[in-house]
Amino acid sequence: MVEEPKSAPDLAEAPVLRRVSAELSIVVPCYKERPNVRPMVERIGAALPGVEWEVIFVDDNSPDGTADEARALGRINPRVRCIKRIGRRGLSTAVIEGALSSSADFVAVMDGDLQHDQTILPAMLAQLRANQADVVIGSRHVDGGSSDGLSSAMRHRISNAGISVAQYFLPMRITDPMSGFFMMPRSRFETIAPRLSGQGFKILLDLILSAPEPQQLRVKEIPCQFHRREAGESKLDALVMIQFASLLLDKGLRGYVPMRFVAFGLVGTLGMIVNLAALWAGESVGLTFVAAEIIATIIAMLFNFQLNNRLTYRTHRLRGPRLIRGLILFMLVCGLGAIANVGIATALFSSGSHNGFAAAAIGAAIGVVWNYAVSSTLVWRT
Ligand code: GDD
Ligand code: MN
């Protein structure tokens, strides 16, 4: 006898699969950490008996297959998740995206190279469960902590200098604001997230400085041993240090002045130097002042355009035909800016106090704001 084909089960009657969601998500930014992934998961598991934890590896498409390793583990262990980003790099943004993908009560952030001591995780969690703190930091500089794992005396010096600079910006005393190991309620992270700068390595510092009322954050530090790296290598380089400076600058200016404007101003200042150098070179090969000044101005504009395209507006970089169109527009904008600059300065000088310097400064400031506003909206269309 032929069996009746069974129809697909009605979804409404299908048994509901219960999934126990994690209480704690451990976000691990990683780049080229393949050999460290498996030991990391084992150590976290051993450190957190009885806790519903999960680990979220956020990998920026490492060439060594870090993400493949995390995913392979995830297939046999549902506590292991992986986010793979393509075409992006950056510790802080990796942490932000990992934490925002969590639905746990608490998020921890931990390096993926086994340098942070996982055995303090339960003590950190206990503080948050008891609502004793808004941020708990694994600190190398309170009694019982150590930073012996830093690879050289030079790294110690850089780290200590960074801490002193960071402390200057902080509204409260934190002995290790440069730590990359901390835990906080996810809801708190989410409130701060839209204000984060996301630059570089210092996501903890970024979080504290970006909090709506930083002085009201309850920060606890728990001693932590910073271990030596066993496999792979550090990704801290000169670029990361520049990003640290730019994070502090951004937060120091309290977001009143956009970082892009600061970059635009810096490029403009360099452009002035190029302009003067070209003028001097032109005159010294026998050009008339007017001819040398015209050539020097064009060189400076080309220089500014290139640098702005690669630095200030690197996220909106123009290429191909749009590059030519952008360059022509930029030259027109700056030309008008220069006319406005000179016009305003002359008018102020002849009508008012005859303070030449003040007139020139006001003219230049209006010129820069004009150039910036029109470049942002028309040339690079941010
Ligand atoms: N996804 C992603 N993208 N991860 C990254 C990137 C990146 O561009 N750069 C670094 N990481 C990961 C590394 O793979 C590692 O897991 C972690 O971020 C820390 O990077 P390291 O290169 O090992 O940094 P470090 O040891 O010099 O400094 C770290 O430790 C200090 C002490 O706690 C950083 O976390 C510092 O912020 C921290 O202060
Ligand atoms: Mn490290």
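Could you check the stretch 89-204 for helices (runs of 4 or more DSSP H) lying wholly inside it with 2 or more residues that are modelled with pLDDT of 95 or more and either within 10 Å of ligand 1 (Cβ to nearest atom) or acidic (Asp, Glu) (or both)?
Working: elements: 91-100, 121-129, 153-169, 186-192.
Hits in the stretch 89-204: 91-100.
ILE86 fulfils the conditions (1) surrounded by fewer than 23 Cβ atoms within 10 Å (Cβ to Cβ); (2) modelled with pLDDT of 95 or more except for a single criterion, (2).
Please indicate, with yes or no, whether at least one residue in the stretch 208-226 is aromatic (Phe, Trp, Tyr) and either without any contact (Cβ under 8 Å) to a residue 60 or more places away in the chain or surrounded by fewer than 16 Cβ atoms within 10 Å (Cβ to Cβ) (or both). No: the stretch 208-226 contains no residue that is aromatic (Phe, Trp, Tyr) and either without any contact (Cβ under 8 Å) to a residue 60 or more places away in the chain or surrounded by fewer than 16 Cβ atoms within 10 Å (Cβ to Cβ) (or both).
Among the residues of the stretch 223-246, are any outside any loop (DSSP other than H, G, I, E, B), closer than 16 Å to PRO171 by Cα, away from ligand 1 (no atom under 13 Å from the Cβ) and in contact with a helix residue (DSSP H, G or I) (Cβ under 8 Å, 6 or more places away or on another chain)?
So in the stretch 223-246, the residues outside any loop (DSSP other than H, G, I, E, B) come out as 223, 225, 238-246.
From what's left, closer than 16 Å to PRO171 by Cα: none.
Taking every residue of the stretch 223-246 in turn, none turns out to be outside any loop (DSSP other than H, G, I, E, B), closer than 16 Å to PRO171 by Cα, away from ligand 1 (no atom under 13 Å from the Cβ) and in contact with a helix residue (DSSP H, G or I) (Cβ under 8 Å, 6 or more places away or on another chain).
Selection of the stretch 46-88 for residues being part of a helix (DSSP H, G or I) and more than 18 Å from VAL109 (Cβ to Cβ) yields ALA46, ALA67, ASP68, GLU69, ARG71, ALA72, LEU73, GLY74, ARG75, ILE76.
If a residue has to be of a type in the set (Val, Ile, Thr) and under 27 Å from the mean Cα position of the chain (by Cα) to count, how many in the stretch 305-349 make the cut?
Pass one, the stretch 305-349, residues of a type in the set (Val, Ile, Thr): 312, 315, 324, 328, 333, 339, 342, 344, 346.
Now narrow it down to the ones that are under 27 Å from the mean Cα position of the chain (by Cα): 312, 315.
Summing the residues that are of a type in the set (Val, Ile, Thr) and under 27 Å from the mean Cα position of the chain (by Cα) in the stretch 305-349 gives 2.
Is it true that ASP117 is surrounded by 18 or more Cβ atoms within 10 Å (Cβ to Cβ), within 16 Å of ligand 2 (Cβ to nearest atom) and over 20 Å from the mean Cα position of the chain (by Cα)? Yes. Applying the condition of being in contact with a Lys or Arg (Cβ under 7 Å, 6 or more places away or on another chain) and not charged (D, E, K, R) to the stretch 26-56 and asking which residue is surrounded by the most Cβ atoms within 10 Å (Cβ to Cβ) yields VAL55.
The values are calculated or read from the model by the stated rules, or taken from the named source; none is laboratory data. Computed from a prediction, not measured in an experiment: that's the story for all the values here. Positions of Cβ are backbone-derived with ideal geometry, glycine not excepted, and every protein chain shown enters the neighbour counts.
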